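Trainee: Pasting a structure here, questions to come.
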Amino acid sequence: MNGPRPDVAGVGEAMVLLQSPAGGALATAGLLEVHVGGAELNACATVARLGLRAWFASRVGDDPFGTRVVEQARALDVGTGLVTVDPDRPTGVFFKDALPDGRRRVHYYRSGSAASALDVPDAARILAARPRALLLSGITVALGPSPAALVRELAARARGAGSTVVLDPNLRPALGSYATVLETLRSLLPAVDLLALGQDEAAELLGTADPAEVFAAARAAGVREVLLKAGPDGAWYAGEGGAPRHEPSAAGRVVDPVGAGDAMLGGYLAARLAGAPPAAAARLGSRLAAGVIATVGDTRGLPGREEARALLATATAGT
Ligand SMILES: Nc1ncnc2c1ncn2[C@@H]1O[C@H](COP(=O)(O)OP(=O)(O)O)[C@@H](O)[C@H]1O
Ligand SMILES: O=C(O)C(=O)C[C@H](O)[C@H](O)COP(=O)(O)O
């Protein structure tokens, strides 16, 4: 294990990410850059950059890409004591393409990967680490029946084990089983302490994208706290009396928005765990997302340690 109780444990799959250096089209690229990506690891990296303890819980293959994922997590100061090596399955890979209109599109090569064999028995070692917050994601639910069962098990047992539950639906229709994934995610909501979701995801999960209605529907389903992300339109968090308050995007140059939501969630969650009110937490999340958007890669745009810790100190000042 990696020392004392983690603030956050993120459960999911991290993969090697290949993309053209300037974010160009895959169809014509001559050389590809190698990164490591994965929504849950990205969020853990943000939490760690802010000075809190974050651990990644996953499985990787016994291959160079698995080594790379683990080394990258360590380089990001994310604990890897909950990452196991599967000798029989490979580490997942994905490619990021740039479309002619500038949007990004991902192509997955992760079916049958080591992380897609995550299963209910993994719950014991994850809960034994007693993270203050357990970060669960709809991607893990979409990886297959056994990772989905692990997510359900963790959600059911987390509070009893002293962990709060954070859920990012991270809907990925490209992974398949979409209707089942939505149904599973809805069934988890009564166990969720913080739901961080996109406006489009709210429409799918809760039947509305209107912020006031999203907050009301999530609360009616048993969720304690909501962070609603809306791309260029910024985000909403719960203000006084629980009504949604708006935090505008802080982004300037938009180079690559993939990873922005993970930075926003990591920043918001770390700030809340450090005692900041939702408004300051949303401001920090928005600031971190802006940095990620301005650079290629999911986490390269995060501020350095000193700056990140100063930003967190500002968010928690006066609390
Ligand atoms: N295209 C964009 N232009 C400006 N800001 C953006 C853009 N995409 C994301 N953001 C910022 O990043 C935050 C999180 O991104 P969002 O796209 O909502 O999440 P996700 O990546 O989970 O879909 C937003 O609240 C906003 O502050
Ligand atoms: O799609 C997946 O399975 C991944 O994990 C790849 C990416 O790293 C994340 O999708 C980034 O997620 P966002 O921050 O929501 O843009």
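Trainee: With surrounded by 14 or more Cβ atoms within 10 Å (Cβ to Cβ) and among the basic types (Lys, Arg) as the only criterion, which of 125, 104 stands out?
Mentor: Working: 125 fails: surrounded by 14 or more Cβ atoms within 10 Å (Cβ to Cβ).
Residue meeting the stated conditions: 104.
Trainee: Assess whether residue 31 counts as being among the aliphatic types (A, V, I, L, M), outside any strand (DSSP E or B) and surrounded by fewer than 24 Cβ atoms within 10 Å (Cβ to Cβ).
Mentor: On the way: among the aliphatic types (A, V, I, L, M): yes; outside any strand (DSSP E or B): yes; surrounded by fewer than 24 Cβ atoms within 10 Å (Cβ to Cβ): yes.
So residue 31 fits the description; yes.
Trainee: A further question on this structure: Can you tell me which residue is nearest to ligand 2 (Cβ to nearest atom) among those in segment 244-276 that are within 18 Å of residue 8 (Cα to Cα) and without any contact (Cβ under 8 Å) to a residue 60 or more places away in the chain?
Mentor: Here the answer is 276.
Rundown of residues vs (1) buried (at least 24 other Cβ atoms within 10 Å of the Cβ); (2) within 10 Å of ligand 1 (Cβ to nearest atom); (3) farther than 28 Å from residue 34 by Cβ, yes/no style:
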| position | (1), (2), (3) |
| --- | --- |
| 248 | no, yes, yes |
| 252 | no, yes, no |
| 271 | yes, no, yes |
| 288 | yes, yes, no |
| 292 | yes, yes, no |
| 299 | yes, no, no |
| 309 | no, no, yes |
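Conditions (1) free of Cβ contacts under 8 Å to residues at least 40 places away in the same chain; (2) closer than 24 Å to residue 294 by Cα; (3) crowded, with 22+ Cβ neighbours inside 10 Å, marked per residue:
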site	(1), (2), (3)
8	no, no, yes
16	no, yes, yes
21	no, yes, no
39	no, yes, yes
56	no, no, yes
62	yes, no, no
82	no, no, yes
86	yes, no, no
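Trainee: Go through segment 123-157 residue by residue and tally those that are in a helix (DSSP H, G or I), within 17 Å of residue 78 (Cβ to Cβ) and over 15 Å from the mean Cα position of the chain (by Cα).
Mentor: The qualifying residues number 2.
Trainee: Here is a follow-up. Give 287, 283 a once-over and let me know the one that is in contact with an Asp or Glu (Cβ under 7 Å, 6 or more places away or on another chain) and either within 13 Å of ligand 2 (Cβ to nearest atom) or more than 24 Å from residue 19 (Cα to Cα) (or both).
Mentor: Details: 287 fails: in contact with an Asp or Glu (Cβ under 7 Å, 6 or more places away or on another chain).
One residue alone meets the criteria, 283.
Trainee: To continue, here is another question. Provide a single number: the residues in segment 260-319 that are part of a helix (DSSP H, G or I) and of a type in the set (Val, Ile, Thr). Break it down into steps so the answer makes sense when it comes.
Mentor: The first filter runs over segment 260-319 and keeps only residues part of a helix (DSSP H, G or I), leaving 260-273, 278-293, 305-316.
With the extra rule that they be of a type in the set (Val, Ile, Thr), the set shrinks to 292-293, 314, 316.
The total comes to 4.
Each row is one residue, and each column tells you yes or no for (1) under 16 Å from residue 244 (Cα atoms); (2) in a strand (DSSP E or B); (3) within 20 Å of the chain's Cα centre (by Cα).
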| residue | (1), (2), (3) |
| --- | --- |
| 180 | no, no, no |
| 186 | no, no, yes |
| 195 | yes, yes, yes |
| 202 | yes, no, yes |
| 209 | yes, no, no |
| 213 | yes, no, no |
| 217 | yes, no, no |
| 227 | yes, yes, yes |
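Trainee: If you don't mind, another one. Return only the number of the condition from (1) within 16 Å of ligand 2 (Cβ to nearest atom); (2) crowded, with 23+ Cβ neighbours inside 10 Å that residue 231 does not satisfy.
Mentor: Just one mismatch for residue 231, condition (2).
Readers should treat all values here as calculations from the given coordinates under stated rules, not as data from a laboratory. Keep in mind that what you see is a predicted model, and the values were worked out from it rather than measured. Cβ atoms come from the backbone with ideal geometry, glycine included; neighbour counts cover every protein chain shown.
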